[in-house]
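Novice: Encoded as structure tokens, here's the structure I'll be asking about.
Just so it is clear, none of the values below were taken in a lab; they were calculated from the coordinates. A quick note: this is a predicted structure, and the numbers were derived from the prediction, not measured. Here Cβ is always computed from backbone atoms with ideal geometry, including for glycine, and neighbour counts include all displayed protein chains.
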Amino acid sequence: MDTETLSRRVTALREECARLGRELVEGGHRLSAEEAFALAGELQGLVNAAEGATAVAGAWGARVETTVRSGLWERVHPLGFVDAMAATRMSLATGLTEGLAGRKAALGAAVGERFPLVRDLLVEGAVAVAAVQKIVDACAGLDVEACLRVDAELAPRLARMDPARVAGEARRVATRVAAEQVAAHVALRRRGRCVEVRPGEDGLTDWFASLPTATSSAMWAAVEALAGDYRAVDDALSVPQSRADALTDLVLRNVTVSAQVTLGVPVVTDRPAPEPVAGTRFRVDWDDDETLVDATTGEIVRYGDLDPQSREELSWLEELDDDPSDRTFALAEVTPGYAVSGTQLPGLGWVEPATLANLLRLLPVEVARAVLEADTGTLACLTTAAYRPPKAIAEFVKTRDGTCRMWGCTRPAERCDLDHVRPWPSGDTSPGNLAALCRRHHRLKQQDRWRPTIARDGTVTWHGPDGTTRTTAPAHRLTG
């Protein structure tokens, strides 16, 4: 198989598809609705075939295991094996996120080994990748023989099957041909329960939980019951809002929470603090047993233990008007003459200036300082001749990078290694030659197929063996 010939064929197919797309852009208005939808259906078959070919190609690459043992050591496994670094290498080659690229390679490996008839339908364009993925997921935990039996029963009917029924039908067939294996996999999956959090819309954070069905049912009943009580008290609450408040109260009941985070906070001292924004004042009736943060001492105090004047002051709050379009340059005063902008909280999302100012004013904060040149924004720090960076440089690089600097990776920099972009000692130990890499991608970099370079502003560019480049920006880009 000549890869150069295959590449020319792929290029020709892409150019032909691009010409077709341009013709549709220019002359599509002359098509009737029926003709347009019919053409969309035919093109979907082309997309299915291309997706199938991509998955198959990724599967052939994923079977090669690479290990660094005084040089590169490779072992070629049978089709169906997926190397630990396959998702990253597929991501760099395709420009997709690591998760999506890894799923494509894993799908190609699974259908190649366990579902050959379904694979043939996929590369012909007769079925969509989404339907094939449902079959693979439904048969997780089954051995090769059981999967081949499911494949033989589903493949003849798959092209005409309702897409909404594919997952259910695959589970039904899998249960019939290998009931014990399905039950064992269900028991194993219950041990994989998890809770994850990721940034959502500005001011919000998205939560994801995978829990055993019985536990989830009991939790949902508790949330629904408490949310109903909240809506009975406050008619303005919507159903989703009441559920969110109920879940929050159930989780935080009788719990004391503390956390330590590292923030890169832009502080402005050479301009006057912003004028107070006219907002809405409203009164909050606190219970005597509720606790608040004392603005003077920073200590947690009981509302009922305060004097009448302090209770009156704390009962009135002001909600500032927020302009989402001006969040980048908005400022909030911390102390007279000192103001801060909003910042990105790693793993949670955007914190607006008013909230950040309140955090700095009221909460006990440990501050680590990285000294920057005022005009250029570059670090004013001496380069060390040692291999391990000192604490000041390590804190600066982790704050600058925010996450692992591999393409598509979001692991926080606090849990990453600090890697020399140019190997030490030929490359010095300085912020201009250090980048945060998680342990997984640190090992990939050592394979020396994709080589990084770092610019003065912190941008990292990965150079592939075929000339492909992927660029990742730091969380806090430097200037100068």
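Novice: Region 92-119 to region 414-480: how many Å between their Cα centroids?
Specialist: What the calculation gives is 27 Å, centre to centre.
Novice: While we're here: How big is D for region 16-171, in µm² s⁻¹ as a whole number, if Stokes-Einstein is applied with the Kirkwood radius of its Cα pairs at 20 °C and 1.002 mPa s?
Specialist: Answer from the Stokes-Einstein relation: 125 µm²/s.
Novice: Straight-line reach from Lys398: which lysines have a Cα under 23 Å away, not including same-chain ones fewer than 8 places off?
Specialist: Reachable lysines: Lys445.
Novice: What lysines could a cross-link reach from Lys104, if we take a straight Cα to Cα line under 21 Å and drop same-chain neighbours fewer than 8 places away?
Specialist: Lys134
Novice: While we're here: Would you please give the residues with an amide H less than 5 Å from that of Leu434, counting only those at least 5 places away or on a separate chain, with H modeled from the backbone geometry?
Specialist: Val421
Novice: Could you work out the local net charge near Cys409, counting Lys and Arg as +1, Asp and Glu as -1, over the other residues with Cβ closer than 9 Å to its Cβ?
Specialist: +2
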